[in-house]
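The values are calculated or read from the model by the stated rules, or taken from the named source; none is laboratory data. The structure displayed is predicted, hence computed values, not measured ones. Cβ sites come from the backbone with ideal geometry, for glycine too, and all protein chains shown count toward neighbours.
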Amino acid sequence: MVRVMIIDDEKAIRSLLKITLEREKPLIEVVGEAASGIEAINTIDIYKPDIAFVDIKMPFMDGIEFSRLAIKRYPDLKIIILTALKDFEHARKCIGIGVSDYLLKPISYEEIKNTLKKVIGQIKKQPESDESCDFTADDGSSVARIKDYIACNYRDPEINLTSIAQKFGFNASYLSRLFKQKTGTGLNDFLLKCRMEKAISYARTGTLMYVTANEVGIPDPNYFGKCFKKYTGKAYSEYLKNPVG
């Protein structure tokens with residue numbers, strides 16, 4: 001089964017595309033959605049898609065910038081750019097950075113089906129990594145260094161499991177299991193905790209949400225708001241009014 005992620009700031013477009021793509025079950029599965037490039041970069045490790053449909057026009061991080069980062073980090077990821085006619089020439093240039101194909105809005109079912117068939121044909125499955133690895137004690141030291149690295153660099157919106165694994169010379173899935181085994185917490189959860197604890201301290205001083213979002217490495221205020229509420233149980237605005245309660 002091919003895993004697909006939809007990245008578009010318009011909820012109606014995401015919903016329509018999801019309904020259309022789900023007609024292709026069991027060949028494909030829509031595993032995740034994101035409303036911005038920033039949200040996608042922060043959640044793509046969770047969804048691990050084979051194919052991403054990406055809108056070319058999004059706030060904070062557009063489809064071009066996202067594609068450039070995503071392809072650099074996930075060379076096997078196939079990206080299909082969604083674009084309006086006025087941005088057609090701009091979208092065509094994306095092929096030069098490794099984008100697999102592009103579709104013009106409004107998109108028909110037949111266009112989606114044909115493009116999917118073409119891109120799925122390009123996918124080359126990589127051999128699965130060895131799941132029988134033992135965790136050594138060089139590893140425990142690495143985890144401690146990684147925790148320090150996250151604590152010092154959580155403001156960087158581009159750090160995530162994959163980028164950290166690359167920096168420290170690990171396979172991403174191995175590092176994920178290692179970090180959880182050594183700390184009892186997932187790496188992405190630890191990164192989110194660092195960001196949210198700092199966000200709480202900003203909220204206590206009355207800092208505006210968009211400022212805090214930038215300061216903690218989640219410059220998309222909408223996605224930041226979702227993360228903050230999930231972590232604290234309150235909207236950022238509520239926390240400003242009653243930070244202790």
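A few notes on this one:
- Qualifying position, being within 17 Å of SER237 (Cα to Cα) and over 20 Å from the mean Cα position of the chain (by Cα), among LYS182, LYS198: LYS198
Listed here are the residues, each with its yes/no results for (1) out of contact with any Asp or Glu (no Cβ under 9 Å at 6 or more places or on another chain); (2) farther than 21 Å from MET58 by Cα; (3) touching a residue at least 12 places away in the same chain (Cβ under 8 Å); (4) part of a loop (DSSP other than H, G, I, E, B).
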| position | (1), (2), (3), (4) |
| --- | --- |
| CYS152 | yes, yes, no, no |
| ASP189 | yes, yes, no, no |
| LYS193 | yes, yes, yes, no |
| TYR202 | no, yes, yes, no |
| GLY225 | yes, no, yes, no |
| GLU238 | yes, yes, no, no |
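- Test for PRO75: is it at pLDDT below 85 and assigned by TED's automatic domain parsing to the domain that holds ILE107: yes
- For the residues PHE53, PHE60, PHE66, the requirement of being buried (at least 18 other Cβ atoms within 10 Å of the Cβ), within 22 Å of PRO219 (Cα to Cα) and modelled with pLDDT under 85 singles out PHE60.
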